[in-house]
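Colleague: Before anything else, here's the structure in question.
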Amino acid sequence: MRLDQLVAAAAPADAVTNQALAWQRVLAEHGIGGEIHAEHVHPQLADRVHPLERFRPAGDGACLLRYSIWSTALERARSVEPRRLGLLYHNITPAGLLRAEQPALAELCDRGRRELPDFAERARVAIADSRFNAAELEGAGFTDVRVVPLLLDLPAQSAAREAEPAPAVVSVGRVVPSKRLEEALRAFALLHDRLPAARMELVGNWDGFDRYRAALGRFATALGVEDAVTFHGRVSDAQRNAIYDRAGVYLCTSAHEGFCAPLVEAMSRGLAVVAHDAGAVSETLGGGGLVIPRADAALTAEALEAVLTRADVRGLIADGARRRLHDLRPAAVEPLILDALAPLLEAAA
Amino acid sequence: MSDEAHSGGIDVDRLMDDLKRRVAARRAAGELDPRVLDLPFSAMEEPPDAAGVAVRLRPETAYSSKRGVGQAITLAKRVQIKFLFHFLNDLVEQINRALRRTDERLERQETTIQRLQARVERLEAEHRGEPTGANDAGDHPPR
């Protein structure tokens, strides 16, 4: 028995790619083989992900389409017998958040949303990695949608933090307009007024979004915090973890998230999270962080300061984070994967 | 606050109320810098020149230095520009939009060419029986 996976693009540090690889490992542990195919394959992954044109629907297997944008992977998925096809929805960035900077990419996002309902009848199994994403699938006509959270490589116990954290605010993710990093900078500038030693560490690449990155630099200068803000760009996992470990609080100001893996990574490093309420953010945190009404810079700064200066606030958040991490531990998620795929694998057997 | 926070049994509501009170007190005391709160991010976007768009109205070039009548001619030119400003500005915007579209098309074509070149090199290497170790590379979309 085998389950092949189709993704639009495979790249290092890409959440969809990481999930495909993690699921492949879990399935292999249960005797289920299968390959990953992508329209675009980063050279670093060439030995683990195959070009889409080599994909052939297996007579004895099933196929899972990871849906995050329009790509020719959708066309390939249409060649799969419906009873052997599953769809996993990672959500699609609303095109309006990208159009000004990347109109071509925005069009692919729009097209992905337009064509999603076509798969409601076609896919035997529908999976979403959050209830937020499941609701969008149901809105597109899918029924019996299973929710399976992201399978993340979490430590058995979240890391212990020092009593007095460094006044460093960290945010991880691609530097793209949907992350609303300008709102992170604005809140940080208010915090910096009160804690002049505070620093902001922004981790993530801005490939294709240089103009947005440049505008953020000018914004930091206009706010008077350019010397306190570091744009790290793309870093290794080890470098990212080191930045988590020396930070005092994690900040997420995204306007849209289908899950947001860095929130969970931060929690697992023992880092308190402050996040704007958008998409699946509140659901992913599950009580393991402070959720702020969107784009309220003053309240965000107040929450950041409270986390950095008050042990009782950090303790409150840490209690919630521990509970949430228990729900997201691999041992809890792996059975959900197998359960969600069961109808597909039975049909294909 | 989220439902999950309530079900988790942690008292985040009281904390959030406390934080909101502190913000209100700071606002009342004038401690929140309006320059920070109100600074528009849109003002930081690249000016057309920096974004690779070269056309803009330059009314300062409409002048005359002729002895005696220069000032009057300059004034006349500026008045004409003022009368025609909307028409001229629209023309400039149309040109800039066309240039932007051309730039984007060029970028896309360059990306395609690079990808196809890489593919040709890989296929040639495969044809020669050499190990390639890489497939076509491309940008991946943001999530």
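Colleague: Kindly indicate the residue of segment A:45-59 that is more than 9 Å from chain B (Cβ to nearest Cβ) and not charged (D, E, K, R) and also farthest from B:ALA118 (Cα to Cα) among those meeting that condition.
Modeller: Checking each candidate, the answer is A:GLY59.
Colleague: On to the next question. Considering only segment A:64-81, I want to know if a residue exists there that is among the charged types (D, E, K, R), surrounded by fewer than 15 Cβ atoms within 10 Å (Cβ to Cβ) and either touching a His at 6+ places or on another chain (Cβ under 9 Å) or over 30 Å from B:LEU106 (Cβ atoms) (or both).
Modeller: yes
Colleague: Go over the candidates A:ALA22, A:ALA73, A:ALA62 one by one and state the one that is within 13 Å of chain B (Cβ to nearest Cβ) and either within 24 Å of the chain's Cα centre (by Cα) or not in a loop (DSSP other than H, G, I, E, B) (or both).
Modeller: A:ALA73
One line per residue, one yes/no per condition, for (1) within 14 Å of another protein chain (Cβ to nearest Cβ); (2) not in a helix (DSSP H, G or I); (3) not acidic (Asp, Glu):
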{"site": "A:ILE127", "(1), (2), (3)": "no, yes, yes"}
{"site": "A:ASP153", "(1), (2), (3)": "no, yes, no"}
{"site": "A:VAL170", "(1), (2), (3)": "no, yes, yes"}
{"site": "A:ALA187", "(1), (2), (3)": "yes, no, yes"}
{"site": "A:LEU190", "(1), (2), (3)": "yes, no, yes"}
{"site": "A:ASP193", "(1), (2), (3)": "yes, no, no"}
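Colleague: The conditions are (1) over 26 Å from A:GLU283 (Cβ atoms); (2) within 12 Å of another protein chain (Cβ to nearest Cβ); (3) in contact with a strand residue (DSSP E or B) (Cβ under 6 Å, 6 or more places away or on another chain); (4) among the charged types (D, E, K, R), and A:ARG131 fails exactly one of them. Which is it?
Modeller: Unmet condition: (1).
Colleague: Which condition from (1) surrounded by fewer than 21 Cβ atoms within 10 Å (Cβ to Cβ); (2) under 30 Å from A:LEU65 (Cα atoms) is the one that A:ARG199 breaks?
Modeller: Exception for A:ARG199: condition (2).
Colleague: So, one more: Scanning for something acidic (Asp, Glu), over 24 Å from the mean Cα position of the chain (by Cα), exposed (fewer than 13 other Cβ atoms within 10 Å of the Cβ) and at pLDDT 75 or above, does segment B:70-92 turn up at least one residue?
Modeller: Within segment B:70-92, not a single residue is acidic (Asp, Glu), over 24 Å from the mean Cα position of the chain (by Cα), exposed (fewer than 13 other Cβ atoms within 10 Å of the Cβ) and at pLDDT 75 or above.
Colleague: Just to be sure, is A:ILE69 within 30 Å of B:ARG97 (Cα to Cα) and touching a strand residue (DSSP E or B) at 6+ places or on another chain (Cβ under 7 Å)?
Modeller: yes
Colleague: Look at A:THR93 and say whether it is within 14 Å of another protein chain (Cβ to nearest Cβ) and touching a Gly at 6+ places or on another chain (Cβ under 9 Å).
Modeller: Taking the combined requirement at face value, the residue satisfies it.
Colleague: Helices (runs of 4 or more DSSP H) wholly in segment A:245-328 with at least 1 residues that are surrounded by 24 or more Cβ atoms within 10 Å (Cβ to Cβ), of a type outside the set (Lys, Arg) and at the interface with chain B (Cβ under 9 Å from one of its Cβ atoms) - which ones?
Modeller: It comes to A:281-285, A:297-309, A:311-328.
Colleague: Which one is farthest from the chain's Cα centre (by Cα) among residues in segment A:166-183 that are among the β-branched types (Val, Ile, Thr) and within 15 Å of A:THR300 (Cβ to Cβ)?
Modeller: A:VAL169
Colleague: Same structure again: Residues that are farther than 13 Å from A:VAL172 by Cα and more than 13 Å from chain B (Cβ to nearest Cβ): does segment A:206-225 have at least one?
Modeller: no
Colleague: Out of the residues in segment A:1-17 that are modelled with pLDDT under 95 and not aliphatic (A, V, I, L, M), state the one that is surrounded by the most Cβ atoms within 10 Å (Cβ to Cβ).
Modeller: In this case the residue turns out to be A:ASP14.
The values are calculated or read from the model by the stated rules, or taken from the named source; none is laboratory data. What you are looking at is a predicted structure, and each value in this text was computed from that prediction instead of being measured. A quick note on method: Cβ atoms are made from the backbone with ideal geometry, for glycine too, and the neighbour counts reach across all protein chains shown.
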